[in-house]
1. Looking at segment 206-216, can you tell me whether even one residue there is at pLDDT 95 or above, within 17 Å of the chain's Cα centre (by Cα) and not aliphatic (A, V, I, L, M)?
2. Anything in segment 119-132 that is in a helix (DSSP H, G or I) and within 18 Å of Gln186 (Cα to Cα)? List them, or say none.
3. Please give the number of the condition Leu93 fails out of (1) within 15 Å of Cys214 (Cα to Cα); (2) more than 19 Å from the chain's Cα centre (by Cα); (3) touching a residue at least 12 places away in the same chain (Cβ under 8 Å).
4. From the set of residues in segment 154-166 that are among the aliphatic types (A, V, I, L, M) and modelled with pLDDT of 95 or more, which is farthest from the chain's Cα centre (by Cα)?
5. Is it fair to say Pro155 is under 29 Å from Leu65 (Cβ atoms), assigned to a helix (DSSP H, G or I) and not charged (D, E, K, R)?
6. In segment 46-89, which residue that is assigned to a strand (DSSP E or B) and among the small types (Gly, Ala, Ser) is farthest from Thr194 (Cα to Cα)?
7. Of the residues Gly109, Gly104, only one is among the small types (Gly, Ala, Ser) and under 13 Å from Ala150 (Cβ atoms); which?
8. Counting only residues that are touching a Phe, Trp or Tyr at 6+ places or on another chain (Cβ under 8 Å) and surrounded by fewer than 23 Cβ atoms within 10 Å (Cβ to Cβ), which one in segment 178-210 is farthest from Glu14 (Cα to Cα)?
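The values are calculated or read from the model by the stated rules, or taken from the named source; none is laboratory data. In this text the structure is predicted, and so the values were computed from the model without any measurement. Reconstructed Cβ throughout: ideal geometry from the backbone, glycine too, with neighbour counts over all protein chains shown.
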Amino acid sequence: MTKPIYQIENVSKEYNGRRVLHVDWLEIQQGEVLALVGPSGAGKSTLLRLLNFLEEPTSGRIRFLDAEFSRETAMPLPLRRRVTTVFQQPILLNRDVRANVAYGLRLRGQRDAAGPVQATLERVGLADLARRPARTLSGGEAQRVALARAMILQPDVLLLDEPTANLDPYNVGLIEDIVRRLNREQGTTVVLVTHNVFQARRLAQRVGLLLDGCLVEIADTARFFQSPQDPRTAAFVRGEMVC
């Protein structure tokens, strides 16, 4: 029986007095892949930013492992470092691939990074491009560099914000396989934001639907797609417009 790595209770986020997210209760289990789906503006990326402690909630609390994060309580740096995010548009240094992958380790004071960098590049299929300038990479290659830069930190939690948007099917398959192996072989907890419901079905053990900043339904993947309980979820699964 796994235990929750996150517990989210009555969490709201507001910008300029406008509420963009409210989650009454959500547990994320250690070692699971959870996909968050929903239309643009539903609050998915906002929730990821809260899970990575990049922004504090306006109200409520987020419990991560044995620590609490709220408007009044900061998350300790050692625990913040156990979570990392890969964004839809990777921002890479104007250096070679190897330097980009080593960047996080160097920020944390690890100077001898050659071995871990090489091993990580091999895992994502980029060892032959180690000395390639980042500016010359294709979109799929750049996204794999961003994923390698996150993986090398060996996070407990990997947050993925539309990591395969606008990529061709070949690169989508490569990245999905990397994520799948990372979860199965290292037990990394993965929270995936995606517009691609087929990707959610392929990767996730559970799927949650966000609409208008609220978590409408969350369930095991098969039940979410085959027998949703909320009519809005059923409409979303059918490909209808929901709001």
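1. yes
2. Taking segment 119-132 first, the residues in a helix (DSSP H, G or I) are 119-123, 127-129.
Ala119, Thr120, Leu121, Glu122, Arg123 - these are the residues of segment 119-132 that are in a helix (DSSP H, G or I) and within 18 Å of Gln186 (Cα to Cα).
3. Leu93 satisfies every listed condition except (1).
4. As a first pass, look at segment 154-166 and keep what is among the aliphatic types (A, V, I, L, M): 157-160, 165.
With modelled with pLDDT of 95 or more added as a condition, the list becomes 157-160.
Values: Val157: 8, Leu158: 5, Leu159: 2, Leu160: 2 Å.
Among them, the one singled out is Val157.
5. Details: under 29 Å from Leu65 (Cβ atoms): yes; assigned to a helix (DSSP H, G or I): no; not charged (D, E, K, R): yes.
Taking the combined requirement at face value, the residue does not satisfy it.
6. Quick first cut of segment 46-89, residues assigned to a strand (DSSP E or B) only: 59-64, 67-70, 83-86.
If we keep only those that are among the small types (Gly, Ala, Ser) too, we end up with 59-60, 67, 70.
Working: Ser59: 26, Gly60: 25, Ala67: 28, Ser70: 26 Å.
So the residue we want is Ala67.
7. Numbers: Gly109 fails: under 13 Å from Ala150 (Cβ atoms).
From the options Gly109, Gly104, the qualifying one is Gly104.
8. Only one residue fits best here, namely Arg201.
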